[in-house]
Each structure stands twice: as C-alpha cells, then as structure tokens.
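Laboratory data are not the source of any read-out in this text; all were calculated from the coordinates shown. Because the structure is predicted, anything quoted here is derived from the model rather than measured. So basically every Cβ, Gly included, is an ideal-geometry build from the backbone, and we count neighbours across all protein chains shown.
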Amino acid sequence: MVEIITDQSILTRPSEDINALEYEEVFQRLEESINQLPSAVGLAAIQINIPKRAFVVRYEDKTYRFANSTITFREIPQNDIEGCLSVPGLSFEVRRPTHIKIKDDINGEQEYCDMLARIIQHEHDHTMGKTLIQTGKLTKE
C-alpha cells in the first residue's frame, strides 16, 4: 500500500520543477499510487515524497497529468467542503474559483470548471506548499 505523507513540515515546502526526463518515472509512481487509493480523485508528487511540481487527477474515468502548472485565470469563487489524503479524517471549508485556466508543460493552457477545477486547484496547491490547513477552515474533526 502506498504511504501518503502527512508531515506538514514536508508538505508546506514548495516543490521543485519537474523536467521532461523525469516524467515517466514520476507519473508512473503517481498513477500506481492513486490506483491503490480507490476514493482518491487527485494526488500530488509531494504526497508520495517526491518534491516535484507534478500531480495527477482522476475524474469521471479519465486521468489528467500536470507538470509545472500555473493558474492563469480564476473566476466565480464558491465555498465547498474538501478533504485530503494528507490530513486524514478532517474536512475543511475552502473558497475556490469554479472556473480556471491552467497552463502546464504537458497540456499547454486549458480551461476547467466546477468540481474538476476544484480538484485541480487542490492538487496545484500541494505543488506550491499549501495544504488545506492553510487554505481552508476546519469544519469537522
């Protein structure tokens, strides 16, 4: 079983850029790991102790890969409840835009909306050293 990092001193450090030569190994580990976690919808490399700016999102039977992402546009913020593998058993209210544009080294610039946009932003935050503890308000212990 995959070990998810919960140590905030590791998770709150911004990750390093990933280079194209690292894609195969890092994304293979990410996808193998998320496949062991049936309820997971996203996983950032730092959560499996790889301090690289890479993450995967699994949504509606599709897997998305992101490398060195930057969010270039955000609009229509909305509050919703989120959980995280790195803070198990806790829920947080988080305000996030429901419409984003994100640019990365694999996909170029793409638009995402609603739940998929929320998941992408959550995982992107991990690459920047942000967790729900910094971005949300605890709702349940």
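Residues of segment 105-141 with the amide nitrogen closer than 15 Å to a label point 7 Å from the Cα of E93, along Cα-to-Cβ, please.
135-141
On full extension of the chain, what length is gained from I106 through Y59, given 0.36 nm per residue of separation minus the C-alpha to C-alpha distance?
That pair, I106 and Y59, stretches by 15.2 nm at full extension.
Using a Förster radius of 41 Å, what is the FRET efficiency between L138 and T72 based on their Cβ-Cβ separation? Nearest 0.05, please.
The computed FRET efficiency comes out at 0.85.
Compute the normalised compactness of segment 8-140: alpha-carbon radius of gyration over 2.2 N^0.38 Å, N being the residue count.
Ratio of Cα Rg to 2.2 N^0.38 Å: 0.97.
Give me the net charge for the shell around N79: Cβ to Cβ below 12 angstrom, other residues only, Lys and Arg +1, Asp and Glu -1.
+1
Classify segment 81-124 from the C-alpha gyration tensor, please: rounded if a/c falls under 1.5, else prolate or oblate depending on whether a/b exceeds b/c.
Taking the square roots of the gyration eigenvalues as a ≥ b ≥ c, segment 81-124 is oblate.
Determine, for the chain, the count of lysine pairs separated by eight or more sequence positions (or lying on different chains) whose alpha-carbon distance falls under 29 Å.
Taking the chain as the scope, the lysine pair count is 13.
Is the shape of segment 100-141 best called rounded, prolate or oblate, per the rule: a/c under 1.5 gives rounded, else a/b larger than b/c gives prolate, else oblate, with a ≥ b ≥ c the square roots of the Cα gyration tensor eigenvalues?
Oblate, because a/c is 1.5 or more while a/b does not exceed b/c.
In nm, give the distance between the simple-model label positions of D80 and I10, each being 7 Å from the Cα along the Cα-to-Cβ direction.
For the pair D80/I10, the computed spacing is 2.8 nm.
Looking at segment 52-131, which GluC sites (Glu not before Pro) are DSSP coil and have at most 15 other C-beta atoms within 10 Å of their C-beta?
Sparse-neighbourhood loop GluC sites (Glu not before Pro): E60.
With a ≥ b ≥ c taken as the square roots of the eigenvalues of the C-alpha gyration tensor of segment 61-100, please select rounded if a/c is under 1.5 and otherwise prolate if a/b is larger than b/c or oblate if it is not?
oblate
Return D7, D105, D80 ranked ascending by Cβ neighbour count within 10 Å, so the fewest neighbours appear first.
Result, fewest neighbours first: D7, D80, D105.
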